[in-house]
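Working notes, structure below.
Bear in mind that the values in this text are calculations on the coordinates, not laboratory data. Quick caveat, the model's predicted, so the values are computed rather than measured. Backbone-built Cβ (ideal geometry, glycine too); neighbour counts: all protein chains shown.
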Amino acid sequence: MIMTTSDKLLRPALVLLAGFTLLFAGCGKKDAAEAPAENKPNALDEAKAYYAANPDFFHFKTAQDIPADLNWEDGMELPDIGDPNAKKGGTVNYWVQDFPRTLRTIGPDSNGSFRPWILDDNYLRYAQRHPNVTSLTENGFHYFPGVADRWALDRENKTVYIHINPAARWSDGKPITTEDALFSFFLHRSTYIKAPWYNNYYSTKYSGITRFDEHTFALHFPELRPDIYSTSLENIPVPAHFYKELGEDYPERYQWRNVPTTGAYVVNDRDIDKGRSITLTRVKDWWAKDLKFYRYRFNPDRIRIMVIRDNAKAFEAFRKGDIDFFDMRLAEDWYDKLPDSAPEIANGYIQKLKFYNDIPRPTYGLWMNEATPLLSNRDIRVGVQHATNWDLVISKFSRGDWSRMETTADGYGDFTHPTLKARRYDIDKALASFAKAGFTKRGPDGILVNDQGQRLSIQLTTGYEHYKDLLTILQEEAIKAGLDLRIEVLDRTAAWKKTQEKKHEISFVAFNVGPELFPRYWETYHSKNAYDQAFLEDGSVNPARSPKPQTNNLQTIASIKLDEMIDAYDRSESLEEMKQLAYKMEEFLYEDASFSPGFVIPYMRHGAWRWLQVPADGNVKIATSFEEYHLFWIDEDLKKETLEARKSGKPLPPAIKVFEQYK
Amino acid sequence: MALNPLTLRKLRRFRSIKRGYWSFVVLIGLVVLSLLGELFVNNRPLLVSYEGKWYFPTYGANIPGTTFGFDYTYETNYRDLNERFRSENKGDWMLMPLVPFNPNENAPYEGVFKPAPPSWMGGPEGHWLGTDTTGRDIFARLFYGFRIAIFFSLAFMALTYLIGIGVGCLMGYYGGVFDLIVQRLIEIWSNIPFLYIVIILFSVIPSTFSIPARIAMLLVVMVLFSWTSMTYYMRTATYREKARDYTAAAVVLGAGPGRIIFHHILPNTISTIVTFMPFTVVSAITAITALDFLGFGLPPPTPSMGELLKQGTQTLTTAPWIVGSTFSALVFILVLITFIGEAVREAFDPKKFTTYQ
C-alpha cells in the first residue's frame, strides 16, 4: 500500500497488508548464529575506540555537569492508557502473510510486516507520544515515560537531557544504561548494519551525545526544530552487550538471533517454527508491568502468529476461530462475507468493531508528472482533476465508508488547511479547462482531440492491483469528460520504480505517513528533488534540466516561490509560522493542480471473536492498527462460554460496536 | 484447389468422427459469432428511430447525447434513452441487441459496486450470468474474452509454427554443423523460464501503446519463447524425408533448397504438424488465462477469462456465479478444441493408410 523510507524505527509503522514477498522460509539454511564463535575483537571495544575517535560527537562528563536549573518533565500527569478491566493471560492467535525473513530489527530485510511485533509496537522508547492527548505544547506533543523516567529541554543549547529509569531492564535481565544509549549511535552509524538510511539519519539529525552518569545523558541537535522531542525521546537504546560480536558479517551472524528488548514480548528460540508460525511470549516479571501507561497493556501471555499466504484463506481461518481477530478493511469482507446477519455475528460469537482514528492520512490520489508534455499544461491538470470522479468511487466502491481527501496533507490537525477543498467531478468544468488547452472537439470515440489531431490520452500507472476496479471506474467516468485514461497495473516494485524515475504520466500511489507533528514538504515538493539544477543562477528555467530519478517529488514540481516557502518551513523554529507556511503551500499546490487528492479511510474495522476484548473506548486516537498499542486482552471465561454456545447453537447478544469519539 | 486424394480421404475420415466434427462446427460457429459480436452483445442499439430519423450506432463513431436531446456531449446512454422513449411515448423506438451490455460497463447493484447474481437467481434483469465485482456483465466479458483469447491463440499458433517449421526444416535439411549449433542455441533459449520472462517484461515495458498494441506485444513475447518445441518435430521429419528418393530426384532435377523444403518435404510432413495444432491453441488459451490470472496479461479493463477466474476465487463464498460461469465456459471451450484435436489426430494417423511389410 505504502512506499516510503520513513524512519519506521522511530515512528510507529503501519503494518502493511502489502508484501508479495516470496521468501524461502524454512529452507534449512545453516544459521550463522549457530556457527561457533570465533575469537574476534569485541565490538564493545571497537565502540569505545569509535567514541574516542569522534570527540566532537561523543562527550563524556560527570553528574556534576548536569545543569541544575533544568525543568525536568515526566509526563506522569497524562491519563493512563488502556482499560483497568483488562485481564492478563491467555494466548492470542493472529496471522501474517509471510514468515519473517530475519529476526534482526536493523539491516537487510528487517523492515517487514513482522517487525512491529518485536520492535515498533513492542519496544519501549525513552518516552513516547501520548496517543490520546494530541493537543500541542510549546515543545510539540505530550510524552509519557518509557525507558526514561524524566527528561528536560534546554532550548538555548538545543539539547535534550534524558534520565533512564534505574529499574529498566533488558529482557535478558541486564540493566539498561547510558552505555546502551551511546552504543545506539555506534550501531546505527556503523556500516556493518548495511542500512544507509540509518547511517545518514544518525549522522545528520544529531550533533552529539553526552554521557553524564550511568543513567543520564543528553542529545544535542544542530537546530531546534519543533519536533525535537520526537527525534530525541522516541529514540531507542540498543543492548550493547548483545551486539558484542558485531562485524562485517552482522546480517548473517544475527539473522535468527532474538534481540533483547525493552518491551513486553520476546521470541524464544523454541517458538520459532520456520515457515509456519512464530510465537511471542510475555517477559516474566517485565520491569514495566506495573507502571502507569503500561499496566493495562500487553495483556496476553502469548501471541501466536501463523503464516497464511492468502488473504481470503486467512479470512476463512478467522471464521473458523483459528485466528482471534481480522482486519476487515475490504467492503466485501465487512458487508458481504460477514454481514451483520451472518450467524457468527447475529449470535454474538464474533464482534464487529469499527474504530474511527485521527491520524495523518496516507496520500491516495493521482500524482501528475509536470515534466510530461500534456501535463505540463496547467489547464489539462485542472481538467483531469474535474474529470476524476472520486465521489462516485467513495459512494459506490467504498460504499460510502471513505471520505474525500481535500489537501495533500489531511489529518494533521491544526496543520491541515482548514478551508481548502479539492476540485469536484464536473464534466462542464473539465471540458472548459481542456478547451483552454486546445482540446475542443470530440473524436469518433468521444475522446477530445486538438487541432493537430492529438488525442487527450494519458497513462495512469499503479502498483495497487487490489484497487484496479477503482481505476476502471475513474476511467469510465473520465471518458464522459473526453479524457482517455490508459490504466497500467504493474508489479508493485516496478510501478514504484517507474514513478520514482519520473517515467509516469499519472501515478496512483500513496505515501505512508507516520503520526508526525507536521507534514513534510521538502521530500515531495522541493525543486531539488525534481531536477538536479532546476533553475539557472538568474532564476530562469534551466533549459538542460531533466527529471531527477529516485526522489519523492513525483509531480516534478519546481518553483522558486515554493522552494522559498519550504526552506523557510524547514528552518522555522515556530509552530505558528510553520502552520501559516503550510497553509500557503497547500494553496500553492491547489493552484498548481498536479495532485488530485483521492480518498481518506478514516477508520479501522476488525472482526474479533467474543473472547478477545478491547477497551471500553475501543482504541487510542492515533492507532493505525488493532494491535499497535496492545490494548486487547483474552477473557478465558468468555472463551469457554462462546465456544460452548457455538457448539450448541445458543445465541449470545450480538456485539457490533462503532467507536465514533474521534470521527 | 485440387487436393491430394490422400488428404481428401483424411478430411472425410475427420468428418466421420462425429464428436470432433461437431465440435469443430460449433467452434467455427462461435468464432464467426464472436466476429460479429457487436451485433449481439453490446450496449449500443442496432437501430434507433428518433424523430423519424434512423440511426445505426453499432459500428462507427459514438453519437453524443446531444443528438438525442440530452444535455451532455459524451456518448449517449441508450438505456436512459430507451426509458425516455417509453415514457414519452412519441413513437420513437430502438432495437437493442440480445445481450444489451458492454463488457466494460460498470453498473452499481443495489447502489454499490458489487457482484449481482444471475437474473434467474433473482439478480437484475438481463444479466444471464450475473455481474462481476464492479457490476460488469459476465456474459459480455466472457464473450469478448473468448474472442480475444481465441484470436490470440490462433495468431500465436500461426506465428510459432511459421518460425518453428522454418527453423526446424532448415536444421533437418542442412544437418551437420548448422544443425548442431542451432540445436545448442535452442537448448539455451528454451531454458529461459518463459513465465518469468513474460512477467518481468510485462511489468517493465513502457506501455504508451494502445490495448491492441499491448496485446500484440504479449503475443510476440509468447511466440519468442514458444517456437522452439516445434523445431524438433520438424527437424526429425525433415531428416527422414530428406533421405527418400523423391528428394534425391528433386535435387537431381536442380531444385533449390527452398523449393525442396517447402514444396516437396513440407507437404509430406504436414500431418505431424496438423495434429499438434489444436493442442497448441489449447495451451495458448491456458497460458493467456494463467497470465491474466496472475495479473500480468492484458491491461484492465480488457475482458478476459483469467481476470474473471481471479475475481471468482476471491469471491468464492459471496459470488459463486463468477467462478462458476467462467470455469464452465473455459472448460467448454477447451473440451471443444480437445475433441477437435483428437479427431484430427485420428484422421491423420498414417497407420490407417499405410501398411509396412
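Couple of notes before you dig in:
- Fraction of antiparallel bridges per DSSP, chain A only, in percent to nearest 5: 70
- When only Cα pairs below 8 angstrom with a gap of at least 6 residues are kept, region B:44-96 shows a relative contact order of 40 percent.
- Sorted by Cβ density within 10 Å, fewest first, the residues B:Phe262, B:Phe152: B:Phe262, B:Phe152
- FRET efficiency, 1/(1 + (r/R0)^6) with R0 25 Å, evaluated for B:Leu154 and B:Trp22 via beta carbons: 0.80
- Residues A:Ser184, A:Ser540 arranged by fewest to most Cβ contacts within 10 Å: A:Ser540, A:Ser184
- Separation in nanometres of the label points that stand 7 Å from Cα toward Cβ, at B:Thr272 and A:Ala645: 7.2
- Within chain A, longest stretch clear of exposed GluC sites (Glu not before Pro) (DSSP loop, no more than 14 other Cβ within 10 Å): A:249-500
- At q = 0.14, 0.24, 0.29 Å⁻¹, base-10 log of I(q)/I(0) for region B:44-96 (Debye sum, equal scatterers on each alpha carbon): -0.30, -0.94, -1.37
- Rounded to 10°, Cα long-axis angle of helix B:194-204 versus longest principal axis of chain B: 50
- Debye log10 I(q)/I(0) for chain B, one point scatterer per Cα, at q = 0.09, 0.14 Å⁻¹: -0.67, -1.21
- Here's the picture: charge each Lys and Arg Cβ at +1 and each Asp and Glu Cβ at -1 in the protein assembly as shown, and of A:Thr461, A:Ala312, B:Gly20 the one pushed furthest to the positive end of that dipole is B:Gly20.
- 20 Å-binned pair-distance histogram of the protein assembly as shown (Cα, whole percent): 11, 35, 34, 17, 4, 0
- The mean sequence distance of close C-alpha pairs (under 8 Å, at least 6 residues apart), as a share of the length of region A:86-135, puts its relative contact order at 22 percent.
- Interchain or long-range residues, amide H under 5 Å from A:Phe659's placed H: A:Lys354, A:Phe355, A:Tyr356
- Solvent-free Debye scattering, log10 I(q)/I(0), computed from the Cα coordinates of region A:525-573 at q = 0.17, 0.18, 0.19, 0.24 Å⁻¹: -0.48, -0.54, -0.59, -0.87
- The phi torsions of region A:351-361, fed into the Karplus equation with coefficients 6.51, -1.76 and 1.60 and a -60° offset, translate into couplings of 8, 10, 10, 10, 10, 7, 9, 9, 9, x, 9 Hz, rounded to whole numbers, with Gly and Pro shown as x.
- Relative to the 2.2 N^0.38 Å rule of thumb, region A:365-600 has a C-alpha radius of gyration ratio of 1.01.
- Between 0 and 90 degrees, the angle of helix B:266-294 with respect to the longest Cα principal axis of chain B falls at about 40 degrees.
- Gyration tensor (alpha-carbon) shape descriptor, region A:97-197, a/c threshold 1.5: prolate
- Judged by the gyration tensor of its Cα atoms, with axes a ≥ b ≥ c, region A:32-270 is oblate; a/c meets the 1.5 cut and b/c is at least as large as a/b.
- Separation between Cα centres of region A:115-176 and region B:124-167, rounded to whole Å: 60
- Segment B:Leu46..B:Tyr232, full-extension length gain: 61.9 nm, with 0.36 nm per residue of separation and the alpha-carbon distance subtracted.
- Relative contact order computed over region B:15-152 (Cα-Cα under 8 Å; 6+ residues apart), in percent: 22
- Helix-only CD estimate at 222 nm, as mean residue ellipticity for chain B, using -39500 (n - 2.57) per DSSP H run (n ≥ 4): -19500 deg cm²/dmol
- As a calculated quantity, the FRET efficiency between B:Ala250 and B:Glu38 at R0 = 60 Å, using C-beta atoms, amounts to about 0.75.
- Alpha-carbon Rg/Rh ratio, for region A:439-556, with Rh computed the Kirkwood way: 1.05
- The equivalent ellipsoid of region A:203-252 has semi-axes of 26, 15, 10 Å, largest first, where each one is the square root of 5 times an eigenvalue of the Cα gyration tensor.
- When each of A:Lys87/A:Lys621; A:Lys292/A:Lys657; A:Lys503/B:Lys310; A:Lys436/A:Lys497; A:Lys87/A:Lys639; A:Lys436/A:Lys528 is checked by Cα-Cα distance, pairs over 24 Å: A:Lys292/A:Lys657; A:Lys503/B:Lys310; A:Lys436/A:Lys497; A:Lys436/A:Lys528
- D (Stokes-Einstein, µm²/s), Kirkwood Cα radius, region A:338-430, 1.567 mPa s at 4 °C: 79
- Ordered by the number of other Cβ atoms lying within 10 Å of each residue's own Cβ, fewest first, A:Leu456, A:Leu652 fall into the sequence A:Leu652, A:Leu456.
- Tensor-based shape of region A:261-340 (alpha-carbon gyration tensor, a/c under 1.5 rounded, otherwise prolate or oblate): oblate
- Förster-model FRET efficiency, 56 Å R0, B:Thr286 and A:Ala53, C-beta, rounded to 0.05: 0.30
- Label-point separation, B:Glu187 to A:Val658 (7 Å along Cα→Cβ), nm: 6.9
- In region B:81-200, the C-alpha radius of gyration followed by the widest Cα-Cα span (Dmax) gives 25.5, 81 angstrom.
- Simple label model, 7 Å out from Cα along Cβ direction - B:Lys90 to B:Val220, nm: 5.2
- Exposed loop sites were defined as chymotrypsin sites (Phe, Trp or Tyr not before Pro) in DSSP loop states (anything but H, G, I, E or B) carrying at most 13 other C-beta atoms within 10 Å; in chain A the longest segment without such a site runs A:73-663.
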